[in-house]
Every structure is written in structure tokens, then in C-alpha cells.
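Asks: Below are the C-alpha cells for one structure; questions will follow.
The values are calculated or read from the model by the stated rules, or taken from the named source; none is laboratory data. Remember, predicted model here, so these are calculated numbers, not experimental data. So basically every Cβ, Gly included, is an ideal-geometry build from the backbone, and we count neighbours across all protein chains shown.
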Amino acid sequence: MTATRSPARRSWGGATGPLRALGSRNYRLYFAGQGISLIGTWIQSIALSWLVYSLTHSAFLLGLVGFSAQIATFVFAPLAGVVVDRLPKRRTLVATQSLFGLQALVLGLLVLGHLITVGEIIVLSTFLGMLNALDMPTRQAFVVEMIEDRAHLPNAIALNSSMFNGARLLGPAIAGVLIAAVGEGVCFLINAASYLAVIAALLAMRVPPHRAHGERRRVLHEMREGFEYTFGFAPLRWIILLISVVSFAAMPYATLMPIFASQVLHGTARTLGFLAGATGVGALVGAFILASRRSVIGLGRWIPIAAAGFGAALIGFSYSRSLAASLALLALVGFTMITHMAASNTLLQTIADDQHRGRVMSFYIMGFVGLAPFGSLAGGALASRIGAQHTVMLGGVICLIGAAVFARKLQAIRDLVRPIYRQRGIIPEVTAAVQAAARLGAPPDKI
């Protein structure tokens with residue numbers, strides 16, 4: 001007599017398949033809606049950078065717009081973490097996604113009406129950053145509520161990265177064609193419409209009623225508690241610190257990409273789309289490999305390896321004068337970047353407890369996104385003095401140094417994390433081994 005598989009296993013690759021998290025209905029809805037919305041987001045991102053550079057031809061103003069778009073994330077992220085842990089996450093996401101759509105609509109109408117200036121772009125970008133301060137940690141923490149089987153959480157995070165980078169691949173390529181054909185304003189309107197998909201998906205979900213974790217206290221007390229929890233535990237602390245270093249030093253390469261497309265490679269908006277698309281190809285491959293992993297065992301060592309690879313690829317890209325070589329190096333940039341970010345995200349999500357997860361992820365977003373504006377501003381100013389190529393090369397060197405420091409801490413991090421995974425059953429094979437050893441009288445630290 002043969003056993004029959006469940007519909008979820010039959011449809012989504014089995015209990016260990018690369019699509020296993022899609023067995024959760026809520027996550028399937030989210031994956032489809034967010035995937036459409038992210039394509040629109042990437043279209044807007046490329047169109048906005050090209051618009052700013054077309055209006056100003058200034059590396060500094062490119063950096064200033066990047067700064068204004070993300071500085072609010074740095075300022076408001078700790079407060080947003082408290083809000084994430086207090087409020088129903090789906091309701092919060094419906095509100096933020098609606099406001100994202102409104103921002104894109106206003107931007108598009110201003111461009112089509114020939115009323116846009118750098119001043120309006122900075123104001124609208126600052127508003128976008130304020131929304132991101134709340135939206136990003138909410139989305140990160142909401143993944144846990146969408147996944148029915150906690151063991152599938154690492155796969156869901158990897159699939160999120162696949163979705164993000166699939167959009168990174170399609171969005172810039174579409175943006176390059178649209179900018180040349182109909183202009184930036186239509187790109188912004190398309191992004192505004194794309195938010196309808198994720199809002200519809202959120203409203204169609206069936207989620208349990210929101211439950212408060214413990215007694216509510218003053219906001220400042222909960223912010224301090226979240227900080228002490230996050231930075232008082234070495235694994236959380238070192239993962240977030242490395243993310244912060246990489247974000248500040250290396251991520252400005254994306255802000256400076258229009259300069260590489262136009263001045264170094266002597267291309268057009270379509271060249272910019274190809275460069276961003278190459279990064280998306282590499283990132284998509286990296287995310288798919290992570291999604292294919294059966295467990296989080298060994299994931300920690302990929303954090304310093306990927307950070308070092310990211311730095312090395314950026315150094316190579318800074319010296320490239322060939323479009324083909326630049327595309328290949330940016331594919332490696334995308335692969336190593338997403339491997340580092342997704343591995344860090346997975347470990348943070350699985351280590352953090354439920355009542356602090358929103359605040360932990362807010363500090364992750366603060367380091368990943370919130371420090372990027374300072375990097376964008378510094379990168380733009382430095383590129384004005386020493387050139388975009390030397391600026392990107394210096395960021396790559398700093399990544400290598402940060403990866404080396406983290407690698408020295410890796411064994412101590414493993415020693416602290418493994419007991420948490422055993423206790424929570426996140427690694428089923430390890431949990432089974434611990435239980436078997438306990439029946440035989442073997443101590444857990446010998447496993």
C-alpha cells in the first residue's frame with residue numbers, strides 16, 4: 001500500500017522542496033501580490049535615478065536624493081519596531097502599501113505636468129522613507145505569521161529574496177524601455193497601479209486575531225528593551241553590525257550607477273537598466289540556491305564568505321571599462337549581496353523570540369536601509385572628489401575588512417545559536433538527534 005502525499009507536498013515540491021513555503025495559502029497570496037508590486041517598485045527606482053541625473057547631472061544630488069529617501073528609516077526605525085510588535089501586522093501593511101501607491105501617483109502626475117523639481121523629489125522621497133521605516137520591519141515580521149510550519153521559515157525568507165530579485169531583474173529592464181519610449185512619468189503611474197495587487201492579496205488572507213505579547217509599557221521603555229535584547233546578544237549584534245558596515249560602505253554603488261552607465265560605459269538609460277538587471281540575475285540565482293537549502297545548518301559561514309565576495313566583486317567592477325565584464329561582475333555582486341542579506345535575515349528571524357521580533361527586525365532595517373542614506377550622501381560627496389570608480393573600490397575594501405572581523409567571531413556565534421535551534425525545533429534533524437541522545441543518556445553538547 002503506497003502512502004499518498006498531501007496536496008501541499010504534491011503541489012509545492014514536498015516537505016524539503018525549494019517551494020515548500022508556498023504550501024501556506026497566506027504566503028502564496030502574499031508572494032503573488034508582492035511580486036507584482038515589486039516590479040513596479042524597481043521600475044520607479046530606475047526611473048527616479050535617471051530623472052534626477054537628467055535634471056541635475058550631479059553625483060552629489062544623486063546621493064542627496066538617496067539620503068532623503070532613507071534617512072527617515074534610520075530616525076524612525078526603533079519607534080517603528082515598537083509599533084510592529086504592538087499592532088496587527090496585516091492592517092499596518094494595508095495602510096503603508098496604500099500610501100506608497102499615493103506617493104507614486106503624485107510623483108507621476110508632477111512629472112507628466114512638467115512641474116517636477118529636485119525639491120519635490122526630495123520631499124516625496126522623504127515621505128517614502130518614513131513609510132519604509134514602518135513597512136519594512138512589518139513585512140519581515142509578518143512572514144512568521146503567514147507560514148504555518150515554522151520549519152519552512154528559512155525557505156520563505158529565501159523565496160522572498162527570489163521574488164525581490166526576480167523583480168530586480170524584470171523591473172529595470174522594463175524601466176529602460178519605458179523611459180526611452182514614454183518617459184519617467186508613466187513609470188511612476190505604473191508603480192502606483194502595482195500596489196493594488198499586494199493590497200488585494202493582504203485583504204484576501206485569513207490570519208488569526210492579533211495577540212499582544214505581555215503588558216504594554218511606555219514606548220521609550222520598550223525601545224530600550226528592544227535595543228538591550230538585540231545588542232546584548234552577540235549573534236544578533238554581530239550580524240546587524242556587519243549588515244550596517246556593508247550597507248554604509250558598499251551599497252552606494254547603486255546610487256552611483258547612472259555615472260557608470262553614462263560616463264564610464266558611455267551608454268544610455270537602457271544601459272542603466274541592463275546593469276541593474278545583471279545584478280538582479282545574480283541575486284535571483286543566489287536566492288534560489290538559498291531556497292533549495294534543506295535547513296539553516298551551515299548558513300552562518302556564508303555570511304562572511306558572501307560579504308567578502310561582495311567586496312571583491314565591487315572592486316573588480318570599479319576597474320571595469322567593458323560592458324560585458326561589468327555585467328558579469330554585477331551578476332556576482334547580486335549573487336553575493338543577496339546571499340549575505342538573506343542569510344543574515346534568516347538567522348535573525350529564527351534566533352529572535354516572538355515578542356521582540358519586530359524590534360529586532362527594525363534594527364536590521366535600520367542597519368540595512370537606515371545607514372544607506374549616510375552611505376549615499378558620503379558616496380556622492382566622495383565621488384565628486386575622487387570619482388565614482390575609486391569610491392566603489394573603497395567600499396569593496398571595507399567589505400573585505402568587515403567580513404574578516406565577522407569570520408573571527410563565527411565559532412562563538414555558532415556556540416550561542418545552536419542551543420536555540422535545538423530548543424525551538426527549527427532544525428528537525430538536530431532536534432531528533434537531541435531527543436535520541438537524551439534517551440540514551442548522552443549530553444546535548446556532544447551532538
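Quick grid of which residues meet (1) under 21 Å from the mean Cα position of the chain (by Cα); (2) charged (D, E, K, R); (3) over 25 Å from residue 281 (Cβ atoms):
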site: 25; (1), (2), (3): no, yes, yes
site: 43; (1), (2), (3): yes, no, no
site: 48; (1), (2), (3): yes, no, no
site: 53; (1), (2), (3): no, no, no
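Asks: Which pairs do you get when a residue that is at pLDDT 80 or above and crowded, with 19+ Cβ neighbours inside 10 Å, found in the range 247-269, comes within reach of a residue that is small (Gly, Ala, Ser) and part of a loop (DSSP other than H, G, I, E, B), reach meaning Cβ atoms under 6 angstrom, with the pair 6+ apart or on two chains?
Replies: 261/267
A quick yes/no check of all residues on (1) farther than 14 Å from residue 42 by Cα; (2) in contact with a strand residue (DSSP E or B) (Cβ under 7 Å, 6 or more places away or on another chain); (3) of a type outside the set (A, V, I, L, M, F, W, C):
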| residue | (1), (2), (3) |
| --- | --- |
| 99 | yes, no, no |
| 103 | yes, no, yes |
| 130 | yes, no, no |
| 167 | no, no, no |
| 171 | no, no, yes |
| 174 | no, no, no |
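Asks: Would you check if there is a residue in the range 387-394 being in a helix (DSSP H, G or I), closer than 25 Å to residue 72 by Cα, among the hydrophobic types (A, V, I, L, M, F, W, C) and in contact (Cβ under 8 Å) with a residue 40 or more places away in the chain?
Replies: Checked the range 387-394: at least one residue is in a helix (DSSP H, G or I), closer than 25 Å to residue 72 by Cα, among the hydrophobic types (A, V, I, L, M, F, W, C) and in contact (Cβ under 8 Å) with a residue 40 or more places away in the chain.
Asks: Identify, from the list 380, 311, 375, the residue that is in contact with a Leu (Cβ under 8 Å, 6 or more places away or on another chain), modelled with pLDDT under 85 and under 24 Å from residue 264 (Cβ atoms).
Replies: Just a single option satisfies the conditions, and that option is 380.
Asks: Hey, among the residues in the range 372-395 that are of a type outside the set (S, T, N, Q) and surrounded by 23 or more Cβ atoms within 10 Å (Cβ to Cβ), which one's nearest to residue 52 (Cα to Cα)?
Replies: Selected residue: 380.
Asks: Exactly one condition in (1) among the small types (Gly, Ala, Ser); (2) farther than 30 Å from residue 218 by Cβ; (3) over 17 Å from the mean Cα position of the chain (by Cα) is false for residue 95; which is it?
Replies: Among (1) among the small types (Gly, Ala, Ser); (2) farther than 30 Å from residue 218 by Cβ; (3) over 17 Å from the mean Cα position of the chain (by Cα), residue 95 violates only (2).
Asks: Evaluate the range 402-412: report whether one residue or more is at pLDDT 85 or above, under 30 Å from residue 228 (Cβ atoms), more than 24 Å from the chain's Cα centre (by Cα) and not basic (Lys, Arg).
Replies: yes
Asks: If you check every pair at least six apart or on different chains, which have Cβ atoms under 9 Å apart with a residue in the range 79-98 that is in a helix (DSSP H, G or I) first and a residue that is aromatic (Phe, Trp, Tyr) second?
Replies: 81/363; 84/142; 89/142; 90/142; 92/142; 93/142; 97/195; 98/195
Asks: Could you list, in sequence order, the residues of the range 285-295 that are farther than 21 Å from residue 396 by Cα and either of a type in the set (A, V, I, L, M) or crowded, with 20+ Cβ neighbours inside 10 Å (or both)?
Replies: Passing the criteria: 285, 287, 289, 290, 291.
So that you can scan it fast, the table gives a plain yes or no per residue for (1) modelled with pLDDT of 85 or more; (2) in contact with a Leu (Cβ under 6 Å, 6 or more places away or on another chain); (3) among the β-branched types (Val, Ile, Thr); (4) under 18 Å from residue 196 (Cβ atoms):
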site	(1), (2), (3), (4)
17	no, no, no, no
20	no, no, no, no
23	no, no, no, no
27	yes, no, no, no
30	yes, no, no, yes
41	yes, no, yes, yes
45	yes, no, no, no
50	yes, no, no, no
55	yes, no, no, no
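Asks: Just to be sure, is residue 45 under 18 Å from residue 172 (Cα atoms) and among the hydroxyl-bearing types (Ser, Thr, Tyr)?
Replies: Yes, satisfied.
Asks: Residue 108 - would you say it is touching a Cys at 6+ places or on another chain (Cβ under 9 Å) and touching a residue at least 60 places away in the same chain (Cβ under 8 Å)?
Replies: yes
Asks: Moving to a separate point now. Any residue at all in the range 321-343 that is in contact (Cβ under 8 Å) with a residue 24 or more places away in the chain, in a helix (DSSP H, G or I), of a type in the set (Val, Ile, Thr) and surrounded by fewer than 22 Cβ atoms within 10 Å (Cβ to Cβ)?
Replies: Taking every residue of the range 321-343 in turn, none turns out to be in contact (Cβ under 8 Å) with a residue 24 or more places away in the chain, in a helix (DSSP H, G or I), of a type in the set (Val, Ile, Thr) and surrounded by fewer than 22 Cβ atoms within 10 Å (Cβ to Cβ).
Asks: If we scan the range 287-303, do we find a residue that is under 16 Å from residue 255 (Cα atoms) and part of a helix (DSSP H, G or I)?
Replies: no
Asks: Now a separate question. Could you run through the range 99-139 and say how many residues are more than 22 Å from the chain's Cα centre (by Cα), part of a helix (DSSP H, G or I) and not acidic (Asp, Glu)?
Replies: 14
Asks: Tally up the residues in the range 221-239 that are in contact with a Ser or Thr (Cβ under 8 Å, 6 or more places away or on another chain) and surrounded by fewer than 20 Cβ atoms within 10 Å (Cβ to Cβ), please.
Replies: Result for the range 221-239: 1.
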